[in-house]
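Engineer: Encoded as structure tokens, here's the structure I'll be asking about.
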Amino acid sequence: MAKQDDQFKRVVSHAKEYGFVVQSSEIYDGLSAVYDYTQNGTELKKNIRDYWWKSMVQLHENIVGIDSAIFMHPTTWKASGHIDAFNDPLIDNKDSKKRYRADVLIEDYAEKLFQKAQKEITKAAKRFGDTFDEEQYKTTNPRVIKYLTERKKVLQDMAMLLDKDDLAGVKALIEEKGIACPVSGSKNWTDVKQFNLMFGTKIGASADSAMDLYLRPETAQGIFVNFLNVQKSGRMKIPFGIAQTGKAFRNEIVARQFIFRMREFEQMEMQFFVRPGEQKKWYETWKERRLAWHLSLGLGKENYRFHKHEKLAHYADAAADIEFNFPFGFKELEGIHSRTNFDLSSHEEHSGRKLQYFDPELNESYVPYVVETSIGLDRMFLAVLSKSLQEETLENGTIRTVLRLPAVLAPIKAAILPLVKKDGLPDIAHKIIDDLKFDFNVTYDEKDAVGRRYRRQDAAGTPFCITVDHQTKDDNTVTLRNRDSMEQKRVGIKDLKNLINTEVSFANWLKKLE
Ligand code: ATP
């Protein structure tokens, strides 16, 4: 755990030091759970967004993208159920005065049981070597069975209690399991209360005519209210999808995990409209496709797992999260939800407009069912940053900090470094930049010894360094250094574009998905 905490602290301080993420309004001591992306972070975030957008919209003939407004008519949120049901159960610890989400406290307890079982399994795997059968061990070892059964039961009990809105029962469950405040270690809890997460605001100049509004807590509703506009203007045939990225706002109860849980964040969502009865098939398809997207970035298969929801939201008939192994353990990164026809039907009811599709093959009209994929861009950023940040001991005993970002996502693709600041080398470096800048985000650096410049670029995640030296003047070659292998090779200036492009181009990475 201590090792995980250290890695998390390293990620947060690296993010600030190397121009990725800082606390918002830092000079005024910041605003809780609100963050700003600085120069490198903005590029990395844009590249993640583009990688998602291209994989959805560009690679699928039947998916189109929109950009709907953050403000929406207030009835939207009545229809979507957010006014009545977008609540989190909160609980306070009377000694530490810290506030928690009651469901998260219970989920963390369940995760500890899972980790205990995992520890037993890892120990046994070492003991038995090649003959080890994990599945058999899980179903026969009494200790592992006990941990896993208890984990399942506590999650099921919680789901049942939350479903019934039995908040006293949730508190009793926390007490029964002896769950203590992680800060004070105390078990002195208040009652559990429901808390609505939407931010309210007003639109209009005069007090009488002002209208109460909410900042959208998800981007999905902007897609639902535009379903017919897009279907008709694009002559879309079911099945088809509408994608959108944009800001969402939630007044989160607990905000202690950097950009994992923010009050203002960005989502990348896609709603896929299908025939009634076909939703389960598409739900499975999208679970697979989304996992493949994650795996294509090469952060390690072992860092992802599916978590099937025990407690379904009011709109869903199936739901699963893709969880990622963050520095603080496995947590939700993306949700894949089979949302039924709840949203469109409810908007029909509240707006009095028909939101139906005429299916020429069936010769009938219906309200389509929807499968949603919903990922937090900031959470994805944290997943990428935290797995990429590594420290390695080199042969000479020194420690190298390297940000092994997938090259397609790296903020800067190459740094051009003149070996010395004289003899015409900076001019050649600038000429190289002038040639490459139309294709890639590149940078120039002439300060300090070249070894130190390499280290700076390693820490910023730049996949290539190009060094211009005196030989360059004679034969138009430069040294191309690879961030990950630290290998250096002599290449012609004319070959740079191709060499870099092979490693960083969206096309080459996206082809892995086909
Ligand atoms: P959680 O259980 O962690 O609160 P959620 O189940 O409420 O998340 P969804 O409503 O399914 O999340 O939202 C879809 C995605 O949006 C999540 O998988 C997550 O990546 C992202 N997300 C949700 N809330 C936040 C937040 N406060 N900060 C950053 N990202 C968020």
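Engineer: Calculate how many DSSP beta bridges within segment 412-513 are antiparallel, expressed in % of all such bridges and rounded to the nearest 5. Can you show the working numbers first?
Structural biologist: Working: 9 of 17 bridges.
DSSP beta bridges in segment 412-513 are roughly 55 percent antiparallel.
Engineer: May I ask you to sort Glu111, Glu514, Glu17 by Cβ crowding, counting other Cβ atoms within 10 Å and putting the fewest first?
Structural biologist: Working: Glu111 17, Glu514 6, Glu17 11.
Fewest to most other Cβ atoms nearby, the residues stand as Glu514, Glu17, Glu111.
Engineer: Between the alpha-carbon centers of segment 1-52 and segment 135-191, tell me the distance in whole angstrom.
Structural biologist: 33 Å
Engineer: Using DSSP to call loops (not H, G, I, E or B), can you name the chymotrypsin sites (Phe, Trp or Tyr not before Pro) in segment 411-514 whose Cβ has at most 13 other Cβ atoms within 10 angstrom? Present the calculation step by step, with values, prior to reporting the outcome.
Structural biologist: Values: sites: Phe438, Phe440, Tyr444, Tyr454, Phe464, Phe506, Trp509; in loops: Phe438, Phe440.
Loop-located and lightly packed - Phe438.
Engineer: Convert each backbone phi in segment 112-120 into a coupling constant with the Karplus relation 6.51 cos²θ - 1.76 cosθ + 1.60 (shift: θ = phi - 60°), then list the ³J(HN,Hα) values in order as whole Hz, x for Gly and Pro.
Structural biologist: With coefficients 6.51, -1.76 and 1.60, one gets 4, 4, 4, 5, 5, 4, 4, 4, 4 Hz.
Engineer: Sticking with this structure for a sec: Could you pull out the pairs from Lys152/Lys308; Lys112/Lys152; Lys94/Lys153 whose alpha carbons sit more than 18 Å apart here? Don't jump to the answer; show the numbers that get you there.
Structural biologist: Numbers: Lys152/Lys308 11 Å; Lys112/Lys152 12 Å; Lys94/Lys153 27 Å.
Where the Cα-Cα span goes over 18 Å, the pairs concerned are Lys94/Lys153.
Engineer: Let me ask something else. Using modelled backbone amide H atoms (1.01 Å from N, in-plane), which distant-in-sequence or interchain residues come within less than 5 Å of Ala248's amide H?
Structural biologist: Correct list: Phe265, Glu266, Gln267.
Engineer: How large are Rg and Dmax for segment 412-513 when calculated on the C-alpha trace, in angstrom?
Structural biologist: My reading of the Cα-based Rg and Dmax gives 13.2, 47 Å.
Engineer: Only helical DSSP H runs with n ≥ 4 go in: add -39500 (n - 2.57) per run for the chain, normalise by residue count and round the 222 nm mean residue ellipticity to 500 deg cm²/dmol. Walk me through the numbers before you get to the answer.
Structural biologist: Details: 18 runs with 202 residues, N = 514.
Theoretical 222 nm ellipticity from helices: -12000 deg cm²/dmol.
Engineer: Please report how far the C-alpha centroid of segment 482-514 lies from that of segment 250-309, rounded to the nearest whole angstrom.
Structural biologist: Rounded to whole Å, the Cα centres lie 29 Å apart.
Engineer: Which values of log₁₀ I(q)/I(0), to two decimal places, follow from the Debye formula for the chain at q = 0.05, 0.06 Å⁻¹ with a uniform point scatterer at every Cα?
Structural biologist: Calculated log10 I(q)/I(0) at the listed q: -0.25, -0.35.
None of the figures in this text is laboratory data; all of them are computed from the coordinates on show. What you are looking at is a predicted structure, and each value in this text was computed from that prediction instead of being measured. Positions of Cβ are backbone-derived with ideal geometry, glycine not excepted, and every protein chain shown enters the neighbour counts.
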